[in-house]
Amino acid sequence: RAAKAASGTQGTASGGRTARKAQLQLARLEPWSVMKFSFVMSLVCFIVLLVAVTVLYGILSSLGVFSAISDTVAELSTGPGGAEDGVDASSWFSFARVFGYTVLIGALNVLLITALSTVGSVIYNLAADLVGGVEVTLKEAETPTPPTRP
């Protein structure tokens, strides 16, 4: 039931052979395998996120974006007459705070993606038992012919 092959030819591959096609049914996803794969992929995305945030923070900091935002917030929040009771927004944009929030959100993403993918595979298995799964048609790759020497 997991795989049913359909005979048939589609075009001619190089060397006079005909390309074969196989029609398969994806009847079951192993939840343990899905969990391992989704965990590794979400971990890779987490590392990419950390690198991207670090690079973006460095660029924005060198351009003075954070200091300009802090100055604007301080200017808008000072009382009449220039009282020194304004909001200090510079601590909002410290690297430690931004990186900490990034780690927190990234770790939550790793947990959620892993859990939801595993639950999704169980739901797929239940649905595949009812309707038979997803049908996939595979075609044999055409291999290029090696050049002939005279």
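Assorted remarks:
- Positive-end extreme of charge dipole, the stretch 88-150 - chosen from Thr148, Val131, Ser90 (charges on Cβ): Ser90
- The three principal axes of the C-alpha atoms in the stretch 84-150 carry coordinate ranges of 85, 55, 16 Å, sorted with the longest axis first.
- Computed magnitude of the charge dipole of the stretch 31-150 (debye, nearest 20; Cβ of K, R +1, Cβ of D, E -1): 600
- Mean Cβ neighbour count within 10 Å, used as a protection proxy, ranking 136-149, 57-70 highest first: 57-70, 136-149
- For the stretch 23-150, the fraction of alpha-carbon pairs in successive 10 Å shells from zero, as %: 11, 20, 18, 16, 15, 12, 5, 2, 1, 0
Laboratory data are not the source of any read-out in this text; all were calculated from the coordinates shown. These numbers come from a predicted model, not from an experiment. Note that each Cβ is placed from the backbone with ideal geometry, even for glycine, and that neighbours are counted across all protein chains shown.
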